[in-house]
Every structure is written in C-alpha cells, then in structure tokens.
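Q: Here it is: the structure, laid out below.
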Amino acid sequence: MIEYADIRDVHLEISTFCNAECPLCPRNFRGYPYNDGYPELNFTLDHAHKIFDIKFIKQLKRIRINGNYGDIVMNPQAVEIVRYFRTHNETLAIDI
C-alpha cells in the first residue's frame, strides 16, 4: 500500500478548457462546437493551496502538468500555480 509520505510524483490537470478541437473530443462534433456535458473549469491557485500543503510539495520530485483534458494556457492562473510549486520546492521537476 502506498503511504502519503511515499508520494514523489504527481500528475495534475489544471484546465479542461481547450482550443484544439480534436476530432474525438467530447467538446467537438465533426469540427463544430459541441459539449455533451463535458465540464469546463480551471484548477485555481486557491485549489493548489488547499490541496498541496507545503510539506507535501517539499517531498515531491516531479509534477507533471498535463493536457489530457485541456490546455494549460487556457488557465489564467497557470503561471501563479507553477510559481507556487517552485517557491516551495526549488528542485522540483515541473513537466508541462
């Protein structure tokens, strides 16, 4: 069983907004805007503060901010979120 103190790597999606219009995405139907109930939202800096306490950030080796559900640049607080992680762990590998 994995313990909280053993976690070193995190995968984080910070936006479900996207401009790509990929053909198989539930936000798109044959190139036309369409949303079949797909929630569009952004992970906020406030969420980061509530979910990732400083002690936890310090134990991390890597955080992957991925775009499986949306595009990081669609989140207006993306830079501030990355800065929050970097401020509390200068050696943290941040993959975007």
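The values are calculated or read from the model by the stated rules, or taken from the named source; none is laboratory data. Given the structure is predicted, the values throughout are model-derived calculations rather than measurements. As a convention, Cβ positions derive from the backbone with ideal geometry for all residues, glycine included, and neighbour counts pool all protein chains shown.
Q: Hey, could you check the stretch 9-64 for residues that are over 19 Å from THR91 (Cα atoms) and among the aliphatic types (A, V, I, L, M) and say which is modelled with the lowest pLDDT?
A: LEU24
Q: Which residues, counting only those in the stretch 65-91, are modelled with pLDDT of 95 or more, out of contact with any strand residue (DSSP E or B) (no Cβ under 6 Å at 6 or more places or on another chain) and not in a helix (DSSP H, G or I)?
A: Matches in the stretch 65-91: PRO76, GLN77, ASN89, GLU90, THR91.
Q: Condition first: in contact with a Leu (Cβ under 6 Å, 6 or more places away or on another chain) and either of a type in the set (Gly, Ala, Ser) or farther than 15 Å from ASP9 by Cβ (or both). Now tell me which residues in the stretch 68-96 satisfy that.
A: Once the filter is applied, which keeps residues that are in contact with a Leu (Cβ under 6 Å, 6 or more places away or on another chain) and either of a type in the set (Gly, Ala, Ser) or farther than 15 Å from ASP9 by Cβ (or both), the stretch 68-96 yields GLN77, GLU80, ILE81.
Q: Please verify whether the stretch 29-37 includes one or more residues that are surrounded by fewer than 16 Cβ atoms within 10 Å (Cβ to Cβ), polar (S, T, N, Q) and assigned to a loop (DSSP other than H, G, I, E, B).
A: Yes, the stretch 29-37 contains a residue that is surrounded by fewer than 16 Cβ atoms within 10 Å (Cβ to Cβ), polar (S, T, N, Q) and assigned to a loop (DSSP other than H, G, I, E, B).
Q: I need every pair where a residue in the stretch 44-63 that is closer than 16 Å to HIS11 by Cα has its Cβ under 8 Å from the Cβ of a residue that is of a type in the set (Gly, Ala, Ser) and surrounded by 11 or more Cβ atoms within 10 Å (Cβ to Cβ), sequence separation at least 6 or different chains.
A: Close Cβ pairs (under 8 Å, with a partner that is of a type in the set (Gly, Ala, Ser) and surrounded by 11 or more Cβ atoms within 10 Å (Cβ to Cβ)) amount to LYS61/ALA93; ARG62/ALA93; ILE63/ALA93.
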